[in-house]
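Asker: Okay, handing you the structure first.
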Amino acid sequence: MIQQVWPSVETRGELELAEAEWLHTNGAGAYAMSTLAVMHTRRFHGLFVAALNPPLDRYVVVSHGETTVDVGKRIYRLSTHQFPDIAPTPGYRLLESFAQDPLPRWTYRLGKHRLERRLALARGRNALVMEYTWYGKSTVTLNLRPLMPMRPIHSLRSEQAGVAQKASMRKGEVYVQPVPSLPKVIFGYPGTFVGSPDWWRRFEYAEDRRRAVHYQEDMWTPGIFELQLEPGVPNYLSVSLGESLGEEPAAVLEATAKALSALDPGPERPIAVRALSVAAEQFRVPLCARPSVLAGYPWLGVRSRDALVSLPGLYLTKNLNEEAKGVLRTLFRHRVDDFLASHIEEADTPVPEACVDASLWAFDAVRLLHAKLELNDPFMAEEALPVLEQLFTRFTQQTQRLAWVSDEGLLVTRSEREPLTWMDSRSRGELVTPRRGFAVELQALWSRACDTLALLARTHGNPLLEAQATAARERVRAAFLRHFWCAETRYPYDCIDDLDGTKDDALRPNAVLALALDPDLFEGWQAYNIVIKSRDRLLTSRGLRTLDPADTHYAGYYEGGMEERRAAYHQGAVWGYLLGAWARAAVRCAPTDFDLQMEVRDRVQRAMENGRVIGQVAQVASGDDPQEAGGCPAQAWSVAELLRTLEEELGL
């Protein structure tokens, strides 16, 4: 859906158009997100979702602002909700347009006049400001009732007796703390507050229902804020967590708008580059003690693999080298069994597991960052090199645990539990795509890891380590050439079982990843065959399929309940981020082919249309037409790899 730098939609009272989603973030894990009509369709939606342990432990503090406007003798109800067995409440009919330029902005048509609402999250803080401007002939009254579930994003709230009903007041502020274990919520306002604590019940979330999970919720409200809106004069309501806003609301909006406007690289760049540059910021979280990458909105947290794959596109294309160091420091601090952790734990997520391929992607991220820095940059010698050396030692210890280097030099992975490759989804407790033994892309990651370590060891004066890494690199490359090319399919094997030698010749995109990571593993004619065959069998307008449609295990549609969708995740679903690997491999095969470069550019622009969140790119799409978007609706590595392709491979 990315077709302009700052997304906008003319809804003109049409619910179908107003069901698209929007996203606004604060650089520290907090976010605001809903449909354009602000009719929540997911439990994760809310006007103010705070990060209690930035950038994680996110709680829906204010879900809705139930809003009415009294204009003369008429009352206009702006809100849209879905309740059981009835049509959505009709506030969407008043919505003329939505724009995010750069702040979320709604324009409502109330009779012959307009009401404009803007929203801003304070950068790096758990605070929200809402601005209302009335464009009419006389003063009107706006009433707003905050609806507050006060729960983690993955949970739902039911009416309960344990909510503290008390509201404390002082001039211009109201304090509530409905859940004693959570920080107090402070509303700042210039009007009147009428305390009337109550429960609003049985809100329904259509996307949750479609995903076959619980989809009804109750919400508590402390009362009603009444604001007098004079023609053309903005009025404000602020919400902050733990402490007062501490500054003028207008200043928060101005500072936020200025920070977001600076993301646009300017009119001399193509629209696609500008739009993706704006989209990329929403995944970067530098404004907290644990700078990192949020893998996707609204439900994904900090995943090591996603962060490292995304780092080149999100940071290095923008020369955000110091911020990239911060991300690596955060990931390096989180280890399991000497490997990088699969994710950074938050209150309602599983305990992190060791992540083998994330540990290998770390080498690639460091190599790309190294190319951006001065040779004597202390980060490489004092922080990155020691971590990579420890990981290299862990892989070469031959402990027969999770991952180790075989006698021939190939990297072996074997586990019944841990996510060893990116194709790690489970359905009904079983791995959908088991890949035990020698996975093709892990050999490329290992080869590149050895190459990177040798480079850093040479740069920083460690000849013994350089020799060890160089020897390991030569062994894996020699063994790869002996074992991985399938003469029958003229395409590499996807995986070789280390126990019985079974070779999986399924046509998957992992060979494309391998070629993009380490072209030296292939002869020129082999690289050409990989590019052509993957283009013919896997490449679509949304990215690369995860399995050849001719395969008997192919699942062409990403739909149904959770188990059905998990079963299709890596058995045919299209992943947009894989287009970046294909583009790198293809352009390297034919660096002077102008027609190929135009094809890559066109495919990137079409892949940018894969989304339900305006201005963002979704995680996956169905492999078969019409290739509807699915999975996480705004995904970091989808945006990052498309941006990297345009900036690095095409030089746009």
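Asker: In whole Å, largest first, what are the principal axis extents of the Cα atoms in region 228-272?
Answerer: Principal-axis extents of the Cα atoms in region 228-272, largest first: 42, 33, 15 Å.
Asker: With the contact rule set at Cα under 8 Å and sequence spacing of 6 or more, what percent relative contact order holds for region 291-425?
Answerer: RCO, region 291-425: 21 percent.
Asker: Rounded to the nearest 10 Å², what accessible area does Lys318 show when all protein chains are kept and the probe is 1.4 Å?
Answerer: The value for Lys318 is about 60 Å².
Asker: How would you rank 537-545, 215-223, highest first, on the average number of other Cβ atoms within 10 Å across their residues?
Answerer: 537-545, 215-223
Asker: Could I ask something else about it? Over what distance in Å are the Cα centres of region 133-173 and region 78-104 separated?
Answerer: The two parts, judged by their Cα centres, are 18 Å apart.
Asker: Calculated FRET efficiency, Ala87 and Thr552, Cβ-Cβ r, R0 41 Å, to nearest 0.05?
Answerer: According to the calculation, E is roughly 0.40.
Asker: Let me ask you something else. Once you put a point 7 Å from the Cα of Arg482 and another 7 Å from the Cα of Met598, both along the Cβ direction, what distance in nm separates them?
Answerer: 4.7
Asker: Please report the relative contact order for the chain, taking Cα pairs under 8 Å with a sequence separation of at least 6, and give it as a percent rounded to a whole number.
Answerer: Relative contact order comes out at 12 percent.
Asker: Now, a different point. Given a Förster radius of 60 Å and the C-beta distance between Ala471 and Arg211 as r, what FRET efficiency does 1/(1 + (r/R0)^6) yield to the nearest 0.05?
Answerer: According to the calculation, E is roughly 0.75.
Asker: In addition: Please report the carbon-and-sulfur percent of the accessible area for region 1-96; probe 1.4 Å, protein heavy atoms only, DNA, RNA and ligands left out.
Answerer: The computed percentage sits at 46.
Asker: Calculate, in nm to one decimal, what Asn53 and Asp101 gain on full extension: separation in residues at 0.36 nm each, minus their alpha carbon distance.
Answerer: Full extension of this stretch gives 14.4 nm more.
Asker: Per 0.36 nm of contour for each residue apart, how much would the distance between Arg401 and Gln165 grow if the chain were fully extended, relative to their Cα-Cα spacing?
Answerer: Working it through step by step, the gained length comes to 79.6 nm.
Asker: So for region 432-587, averaging the separation of alpha carbon pairs under 8 Å that are six or more residues apart and normalising by length, what relative contact order in percent results?
Answerer: Across region 432-587, relative contact order equals 23 percent.
Asker: Taking R0 as 56 Å, what's the FRET efficiency between Asp520 and Tyr135 from their Cβ-Cβ distance, rounded to 0.05?
Answerer: Once the sixth-power term is evaluated, E becomes 0.30.
Asker: For region 479-616, state the semi-axes of the equivalent ellipsoid (square roots of 5 times the eigenvalues of the alpha-carbon gyration tensor), sorted largest first and rounded to whole angstrom.
Answerer: Whole-Å semi-axes of the equivalent ellipsoid: 25, 23, 11.
Asker: Using the Cα centre of the chain as the reference point, and only Cβ charges (+1 on K/R, -1 on D/E), how large is the resulting charge dipole? Debye, rounded to the nearest 20.
Answerer: 1600
Asker: Shifting gears a bit: Taking Cα atoms, how many degrees apart are the long axis of helix 463-483 and the longest axis of the chain, rounded to 10 and kept between 0 and 90?
Answerer: Taking the Cα atoms of the chain, the angle to 463-483 is about 80 degrees.
Asker: Grab every C-alpha pair in region 432-489, bin the distances at 5 angstrom width from 0 up to the longest one, and report whole percents.
Answerer: 4, 18, 22, 19, 14, 10, 7, 4, 2, 0
Asker: A follow-up question, please. Any idea what angle helix 321-332 forms with the longest principal axis of the chain, computed on alpha-carbon atoms, 0 to 90 degrees, nearest 10?
Answerer: Long axis of 321-332 versus the principal axis of the chain: about 80 degrees.
Asker: Test of understanding: what is the full-extension gain from Glu383 to Arg428, defined as 0.36 nm times their sequence separation minus their Cα-Cα distance?
Answerer: 12.1 nm
Asker: What translational D, rounded to a whole number of µm²/s, comes out for region 458-526 from Stokes-Einstein when the hydrodynamic radius is the Kirkwood one over Cα pairs, at 4 °C and 1.567 mPa s?
Answerer: Taking Rh from Cα pairs, D becomes 94 µm²/s.
Asker: I need the Debye-formula profile for the chain: one equal scatterer per C-alpha, no solvent, reported as log10 I(q)/I(0) at q = 0.09, 0.10 1/Å, two decimals.
Answerer: -0.76, -0.91
Asker: Here's a follow-up. Please report, to two decimal places, log10 I(q)/I(0) for region 421-535 at q = 0.09 Å⁻¹ as given by the Debye formula with identical point scatterers on the Cα atoms and no solvent.
Answerer: Once normalised to I(0) and log-transformed, intensities are -0.28.
Asker: On to the next question. Please sort by residue number the GluC sites (Glu not before Pro) in region 236-329 whose DSSP state is loop and whose Cβ has at most 14 other Cβ atoms within 10 Å.
Answerer: Glu243, Glu247, Glu268
Asker: Which semi-axes, in whole Å and largest first, does the equivalent ellipsoid of region 2-43 have when worked out from the alpha carbon gyration tensor as the square roots of 5 times its eigenvalues?
Answerer: 20, 15, 7
Asker: Something else: Quick one: helix 356-370 against the long Cα principal axis of the chain, what's the angle to the nearest 10°, folded into 0 to 90?
Answerer: For 356-370 against the chain, the angle is about 90 degrees.
Asker: Take Ala371 and Asp264, extend 7 Å from each Cα along the Cα→Cβ direction, and tell me the distance between the two endpoints in nm.
Answerer: 3.1
Asker: I need two numbers for region 47-175: Rg to one decimal and Dmax as a whole number, Cα atoms only, in Å.
Answerer: Gyration radius and largest Cα-Cα distance of region 47-175: 16.7, 47 Å.
Asker: Here's another thing I want to ask about it. Which one of Gly560, Ser8, Ala371 has its Cα pushed farthest toward the positive end of the charge dipole of the chain, where Lys and Arg give +1 and Asp and Glu give -1 at the Cβ?
Answerer: Among Gly560, Ser8, Ala371, the one farthest towards the positive end of the dipole of the chain is Ser8.
Asker: Stokes-Einstein diffusion coefficient for region 32-117 at 20 °C in a medium of 1.002 mPa s, Rh from the Kirkwood formula over Cα pairs: what value in µm²/s?
Answerer: 150
Asker: Counting only heavy atoms of the protein chains, get the accessible area per residue of region 145-239 (1.4 Å probe) and round it to a whole Å² value.
Answerer: Here the per-residue accessible area is 47 Å².
The values are calculated or read from the model by the stated rules, or taken from the named source; none is laboratory data. Keep in mind that what you see is a predicted model, and the values were worked out from it rather than measured. Heads up, the Cβs are rebuilt from the backbone with ideal geometry, glycines too, and the neighbour counts pull from every protein chain shown. Calculation scope for accessible area: heavy atoms of the full protein, side chains included, ligands and nucleic acids excluded. Shrake-Rupley method; radii C 1.70, N 1.55, O 1.52, S 1.80 Å.
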